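Colleague: First, the structure itself, so that you have it in front of you.
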Amino acid sequence: MMLSVQDLDAGYGDAQALFGVSFDIGAGEAVTLIGRNGMGKTTTIRAIMGLNPPRGGSVHFEGARIDGLPPHEIARRGIGLVPEGRQIFVRLSVEENLVATAANRTKASEPWTLARVFALFPRLEERRAQSAGTLSGGEQQMLAIGRALMTNPRLLILDEATEGLAPLIRQDIWNCLSALRAQGLSILVVDRNLDALMRLADRHNVVEKGRVVWSGTSTELAAERAQIEQRIGV
């Protein structure tokens, strides 16, 4: 199992936000967290990455327990994060953003390079010398994905993968994720586009009030789509 999250509890101050969240991601799988805003999806990701340390439960990555480790150590183990809001370095150029995170700590045989990221996102190559803060929202999301890939992760986590993007840009992002999936990269993705998620992912988890209240395959999600949409407010 690439990632195993078991009985995860987390919160902010005196408020508990997660209550026993559990799910797994196998090697090469794409898995989703779906739900309304404020239900605990981002908190789950923050807990996995050590940004909001869990209060209970466990997180294992490739068989090793990582809950309790600092965020930089978790990233070094081979988890790449594309955070909500992108959080790119706006004063740096596109190329500088990508080079800033470049590392091959996992000893990938075909590591991600500038050329490889530019092949995936030709728009970024066209703007390689441009200040990242002047990019469109869609281009910034491409840059955030490229920056995460330059760390050569074995698991890529995307929080709100296409939120607020124009339809054509959203499709570019989904095409990119499908290509990464085809290359064997494990993916955990948060988004609200059920059609795209069902095409991309193997399994889905509905998060409601800090709990996973439904889990199933794309086939099962399609069969229960009306009920799922009601839960997540689509």
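The values are calculated or read from the model by the stated rules, or taken from the named source; none is laboratory data. Keep in mind the model is a prediction, meaning the values are calculated, not measured. Note that we place each Cβ from the backbone using ideal geometry, even for glycine, and neighbour counts take in every protein chain shown.
Colleague: Can you tell me which residues in the stretch 202-230 are of a type outside the set (Val, Ile, Thr), surrounded by fewer than 18 Cβ atoms within 10 Å (Cβ to Cβ) and closer than 11 Å to Met39 by Cβ?
Modeller: Glu208, Lys209, Arg211
Colleague: Any idea which of (1) under 17 Å from Gly80 (Cα atoms); (2) modelled with pLDDT under 95; (3) not acidic (Asp, Glu) is the one Leu168 doesn't satisfy?
Modeller: Answer for Leu168: the failing condition is (1).
Colleague: Given Gly85, Gly50, which one is out of contact with any Ser or Thr (no Cβ under 7 Å at 6 or more places or on another chain), at pLDDT below 95, of a type in the set (Gly, Ala, Ser) and not in a helix (DSSP H, G or I)?
Modeller: Details: Gly50 fails: at pLDDT below 95.
Just a single option satisfies the conditions, and that option is Gly85.
Colleague: I would also like to ask the following. When residues of the stretch 171-203 are filtered for being without any contact (Cβ under 8 Å) to a residue 12 or more places away in the chain and under 20 Å from Arg86 (Cα atoms), how many remain? Step through it out loud before you land on a result.
Modeller: Filtering the stretch 171-203 for residues without any contact (Cβ under 8 Å) to a residue 12 or more places away in the chain gives 171, 175, 182-183, 195.
Now narrow it down to the ones that are under 20 Å from Arg86 (Cα atoms): 171, 175.
Residues that pass the stated criteria total 2.
Colleague: Among the listed residues Leu33, Leu98, identify the single one that is over 18 Å from Asn205 (Cβ atoms), hydrophobic (A, V, I, L, M, F, W, C) and touching a residue at least 40 places away in the same chain (Cβ under 8 Å). Full working, then the answer.
Modeller: Numbers: Leu33 fails: over 18 Å from Asn205 (Cβ atoms).
Going through Leu33, Leu98 in turn, the sole match is Leu98.
Colleague: Would you confirm, using the coordinates I've provided, whether Ala132 is in contact with a helix residue (DSSP H, G or I) (Cβ under 6 Å, 6 or more places away or on another chain) and of a type in the set (Gly, Ala, Ser)?
Modeller: Details: in contact with a helix residue (DSSP H, G or I) (Cβ under 6 Å, 6 or more places away or on another chain): yes; of a type in the set (Gly, Ala, Ser): yes.
Yes; evaluated as a whole, the condition is true for this residue.
Colleague: When the residues of the stretch 70-102 are narrowed to those that are of a type in the set (A, V, I, L, M, F, W, C), farther than 23 Å from Leu165 by Cβ and out of contact with any Lys or Arg (no Cβ under 8 Å at 6 or more places or on another chain), which ends up surrounded by the fewest Cβ atoms within 10 Å (Cβ to Cβ)? Even if it seems obvious, please write down each step before you answer.
Modeller: Taking the stretch 70-102 and keeping what is of a type in the set (A, V, I, L, M, F, W, C), we get 74-75, 79, 81-82, 88-90, 92, 94, 98-100, 102.
Then keep just the ones that are farther than 23 Å from Leu165 by Cβ; that gives 74-75, 79, 99-100, 102.
Next, from what is left, pick out any that are out of contact with any Lys or Arg (no Cβ under 8 Å at 6 or more places or on another chain): 74-75, 99, 102.
Details: Ile74: 20, Ala75: 20, Val99: 13, Ala102: 16.
Per the criteria, the residue is Val99.
Colleague: How many residues does the stretch 9-35 contain that are buried (at least 16 other Cβ atoms within 10 Å of the Cβ) and either among the acidic types (Asp, Glu) or part of a loop (DSSP other than H, G, I, E, B) (or both)?
Modeller: Going residue by residue through the stretch 9-35, those that are buried (at least 16 other Cβ atoms within 10 Å of the Cβ) are 9-11, 17-19, 21, 23-25, 29-35.
From what's left, either among the acidic types (Asp, Glu) or part of a loop (DSSP other than H, G, I, E, B) (or both): 9, 24, 29, 35.
The total comes to 4.
Colleague: Consider Arg116 carefully, then state whether it is assigned to a helix (DSSP H, G or I) and surrounded by fewer than 16 Cβ atoms within 10 Å (Cβ to Cβ). Give the steps one after another, and end with the answer.
Modeller: Numbers: assigned to a helix (DSSP H, G or I): yes; surrounded by fewer than 16 Cβ atoms within 10 Å (Cβ to Cβ): yes.
Judged against the criteria, Arg116 is a match.
Colleague: Let me ask something else. Give the stretch 17-47 a look and list any residue that's among the basic types (Lys, Arg) and modelled with pLDDT of 95 or more, or say none.
Modeller: Within the stretch 17-47, the subset among the basic types (Lys, Arg) is 36, 41, 46.
Correct list: Lys41, Arg46.
Colleague: Those residues that are within 21 Å of Phe61 (Cα to Cα) and in contact with a helix residue (DSSP H, G or I) (Cβ under 7 Å, 6 or more places away or on another chain), I need them from the stretch 148-171; list them, please. Full working, then the answer.
Modeller: Pass one, the stretch 148-171, residues within 21 Å of Phe61 (Cα to Cα): 148-159.
The answer is Leu149, Met150, Thr151, Leu156, Ile157, Asp159.
Colleague: In the stretch 37-71, which residues are touching a helix residue (DSSP H, G or I) at 6+ places or on another chain (Cβ under 6 Å) and touching a residue at least 24 places away in the same chain (Cβ under 8 Å)? Outline the logic, then answer.
Modeller: First, pick out the residues of the stretch 37-71 that are touching a helix residue (DSSP H, G or I) at 6+ places or on another chain (Cβ under 6 Å): 49-52, 54, 59, 66.
Result: Met49, Gly50, Asn52, Pro54, Val59.
Colleague: Tell me, which helices (runs of 4 or more DSSP H) wholly within the stretch 130-225 include 2 or more residues that are farther than 18 Å from Phe118 by Cβ? Break it down into steps so the answer makes sense when it comes.
Modeller: Details: elements: 137-149, 167-182, 194-200, 218-223.
Those helices (runs of 4 or more DSSP H) span 167-182, 194-200, 218-223.
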